[in-house]
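Bear in mind these aren't lab numbers, they're just calculated from the coordinates by the rules spelled out. A quick note: this is a predicted structure, and the numbers were derived from the prediction, not measured. Glycine gets a Cβ as well: all are built from the backbone with ideal geometry, and neighbour counts include every protein chain shown.
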Amino acid sequence: MKIILLLLILAPLCVSVTGRLKCPGVPYNGAVATCYHGCGTKLIYDLCIKTMQQGHIDLSPSHKEETTAYAILVLSAAVESTRTTSHTLTYQLQKNASISVQERAFYGACLNDYVAALNSLDHTLVVMLPNCFFQGINDDYLSALASLNSCRDRFIGPVMYTSPLYPLVLADRNKALLAYSLGKLLL
């Protein structure tokens, strides 16, 4: 477990320090162009640009990185956010005695969804992207998205929609969708 956490921390740092992964056949692009080509909606495009800025990526058109570097950056952000929400769900289940029985059931089911999503996202971040192994990458992304969508769908309805966790779940789902969108550029 400690090795996985270390790799999660070091993978994005290696990309930002070296800037060059040299995965065969992967193009070099500017960050804005990568977001433009990878994102199908303004919401996800804006999230992409924001994630690049938070990752201290040079957004000037003359600065180009291998697309894999951008994919690792946005996936790292998705993993970090998803892991934080997972911890929040765990805390709510273990420490918050004031949540209703219905909320407790929803949060427990969502926590299971989050475990599945994190397994897929971690595998992509730690194993697949740094090793330029893209075959089957869509399966991991789609599995994570399905799990996060499952949790999100649990919140649809008048009772759970007002939960303070709903915005976190929706944000995690959008970050995973962004990671998937940029991951598709590697194929």
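So how tilted is helix 137-154 from the main axis of the chain? Cα-based, degrees 0 to 90, rounded to 10.
Between helix and principal axis, roughly 30 degrees.
Among Leu125, Leu43, Leu168, which one shows the biggest mean-square fluctuation in a GNM of the chain, springs joining Cα atoms closer than 10 Å?
Largest GNM mean-square fluctuation: Leu43.
Among [x] 42, 41, 26; [y] 57, 34, 24; [z] 53, 36, 27, which one is Cα extents along the principal axes in Å computed from these coordinates?
After the calculation, the listed value that fits is [z].
Simple spin-label model, 7 Å along Cα-to-Cβ: Leu59 to Asn96 in nm?
Simple spin-label model gives 3.3 nm for this pair.
Which number gives the lysine pairs in the chain that have C-alpha atoms under 24 Å apart and are eight or more places apart or on different chains?
The number of close lysine pairs in the chain is 12.
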